[in-house]
Amino acid sequence: MSDRANIILGFLLGLATSLVFSYIVFINNNPGMNEDDYFKIFFSGKLIVPVMSISLLANFALFFIFLRLNKDAISKGLLIATVIIGTVILLLRFM
C-alpha cells in the first residue's frame with residue numbers, strides 16, 4: 001500500500017476506534033441502556049464530550065502500537081484522527 005492509503009486507513013481506524021470504544025465505555029457505565037439509547041444520546045450531543053474524551057485513549061494506544069511496529073503512515077492517520085476529534089471535543093465543550 002502507498003503511504004497515502006495507509007494514512008487514510010489510519011484515519012478511518014482512528015474514527016472507528018473512537019466510536020467503538022466510546023460505545024463500550026457508555027454501555028459499561030449505563031447497564032440499563034441499549035444501542036438505541038446510546039445513539040439517541042450520542043447524536044443529541046449530550047454525552048459526546050465526556051465519552052469521546054475517554055475514547056481518545058484508545059487512539060493513543062493504537063498510535064503507539066503502530067509506531068512500535070514501524071507503521072509510520074498508519075500512525076500519522078491515527079494522529080490526524082485524534083487531533084481532529086480532540087479539536088471537535090474542545091469546540092463542543094466551550095460552546
In segment 61-74, which residue that is of a type outside the set (A, V, I, L, M) and in a loop (DSSP other than H, G, I, E, B) is farthest from LEU19 (Cα to Cα)? ASN70
Filter result for PHE26 (farther than 23 Å from MET95 by Cβ and out of contact with any Asp or Glu (no Cβ under 8 Å at 6 or more places or on another chain)): no
Would you mind finding the one in ASN6, ASN59 that is crowded, with 18+ Cβ neighbours inside 10 Å, more than 16 Å from the chain's Cα centre (by Cα) and in contact (Cβ under 8 Å) with a residue 12 or more places away in the chain? ASN6
Filter segment 74-89 for residues that are at pLDDT 90 or above and surrounded by 18 or more Cβ atoms within 10 Å (Cβ to Cβ); which is nearest to ILE54 (Cα to Cα)? THR82
Select from segment 60-69 the residues that are within 22 Å of ALA5 (Cβ to Cβ) and either modelled with pLDDT under 90 or aromatic (Phe, Trp, Tyr) (or both) and list them in ascending order. PHE63, PHE64, PHE66
Considering only residues that are of a type in the set (Gly, Ala, Ser) and without any contact (Cβ under 8 Å) to a residue 24 or more places away in the chain, look in segment 17-56 and name the one that is nearest to GLY86 (Cα to Cα). SER44
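Every residue, every condition in (1) touching a Ser or Thr at 6+ places or on another chain (Cβ under 7 Å); (2) in a helix (DSSP H, G or I), yes or no:
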{"residue": "VAL20", "(1), (2)": "no, yes"}
{"residue": "PRO31", "(1), (2)": "no, no"}
{"residue": "TYR38", "(1), (2)": "no, yes"}
{"residue": "SER53", "(1), (2)": "no, yes"}
{"residue": "ASN59", "(1), (2)": "yes, yes"}
{"residue": "LYS76", "(1), (2)": "no, yes"}
{"residue": "LEU91", "(1), (2)": "no, yes"}
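The values are calculated or read from the model by the stated rules, or taken from the named source; none is laboratory data. In this text the structure is predicted, and so the values were computed from the model without any measurement. No Cβ is skipped: glycine too gets one built from the backbone with ideal geometry, and neighbour counts run over all protein chains shown.
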